[in-house]
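A.B. asks: The structure under discussion is supplied below as structure tokens; questions concerning it will follow.
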Amino acid sequence: MSRKREDTPIADKNALRKLVLAQRDQLSVAELRSLSKRITKRLLALDSYSSASCVMAYASFGSEFETGDFLAEALARGKTLVLPAVERDSRALRLHQVRDPARELVAGVWGIRQPRADLCPVVPASQLDFALVPGVAFTRHCERLGYGGGYYDGFIRGLARRPPLVAAAFSLQILPALPVSERDQKVDWVITEDAKYQRSIS
């Protein structure tokens, strides 16, 4: 009887997304919280984060790495915190400064919390010193598989000045290979609960 090799990459992006998300969804609430705290500690220790004045992040959704502690720490350290709002018509991300996540975020596209435009001023991407980027799966070479909308790939391609791009992920989201193309943008670091991977510049 043939058996599929565990290291055989899945060529279909949607099938791979479903597989990884199903595994991530199996994490218990306690596991999700514990692993997220370990990742947050590693993120806060990054030199690129410590030296950043303007930090972009996102409000976590579902079984994603929980960003709540990271957002709170950024604000507590006096950093300018920027979160994206999805513009479906233009398929773009609009950036806003957030000072009080509990009051200034509202459910947006797909139920993901995003800044209220009436309370949160727009911030140009050129001001970013650090950006936390979500994703479904990654490799040790910092390749990224997103959720399929292309919003972050387009956002990264459009950056005139690229800040350090960092992804926070659970170790189960790190795969040997991904079916990526030249349009799929790498991040500079992937931080898990027990490792950190840096993109090769060469």
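Each value in this text was obtained by applying a stated rule to the coordinates, not by laboratory testing. This one's a predicted model, so the numbers in the text were calculated from it and none came from an experiment. No Cβ is skipped: glycine too gets one built from the backbone with ideal geometry, and neighbour counts run over all protein chains shown.
A.B. asks: Tell me the relative contact order for the chain as a rounded percent, counting alpha carbon contacts under 8 Å between residues six or more apart.
C.D. replies: Once normalised by length, the contact order is 22 percent.
A.B. asks: Below 15 Å, Cα to Cα, which aspartates and glutamates can Lys41 reach? Residues fewer than 8 away in the same chain don't count.
C.D. replies: Partners within reach: Glu66, Asp69, Glu73, Glu193, Asp194.
A.B. asks: With n ≥ 4 as the cut-off for DSSP H runs, can you work out [θ] at 222 nm for the chain, using -39500 (n - 2.57) per run divided by the number of residues, rounded to the nearest 500?
C.D. replies: One gets -7500 deg cm²/dmol as the mean residue ellipticity at 222 nm.
A.B. asks: Cross-link partners among lysines for Lys18, C-alpha distance below 28 Å, same-chain residues fewer than 8 apart left out?
C.D. replies: Lys4, Lys37, Lys186, Lys196
A.B. asks: Pop the C-beta distance of Arg161 and Lys18 into the FRET formula with R0 = 22 Å and round what comes out to the nearest 0.05.
C.D. replies: Efficiency at R0 = 22 Å is approximately 0.05.
A.B. asks: By the scheme Lys and Arg +1, Asp and Glu -1, what is the net charge of all other residues having a beta-carbon under 12 Å from that of Leu75?
C.D. replies: So the surrounding residues net to -1.
A.B. asks: Along Cα→Cβ, 7 Å out, is where each label goes; now give me the distance between the ones at Leu172 and Leu27 in nm to one decimal.
C.D. replies: Simple spin-label model gives 0.8 nm for this pair.
A.B. asks: By how many degrees, between 0 and 90 and to the nearest 10, does the Cα long axis of helix 29-44 differ from the longest principal axis of the chain?
C.D. replies: The helix 29-44 is inclined about 70 degrees to the chain.
A.B. asks: Helix 13-25 versus the longest principal axis of the chain: what angle, 0 to 90°, nearest 10, using Cα atoms?
C.D. replies: With rounding to tens, the tilt is 80 degrees.
A.B. asks: For Ser53 paired with Ser90, estimate the spin-label separation in nm (one decimal), with each label point 7 Å from Cα along the Cα-to-Cβ line.
C.D. replies: 2.5
A.B. asks: Which distance in nm do the two modelled labels at Arg183 and Arg140 give, with both placed 7 Å along the Cα-to-Cβ direction?
C.D. replies: In this crude label model, Arg183 to Arg140 measures out at 3.0 nm.
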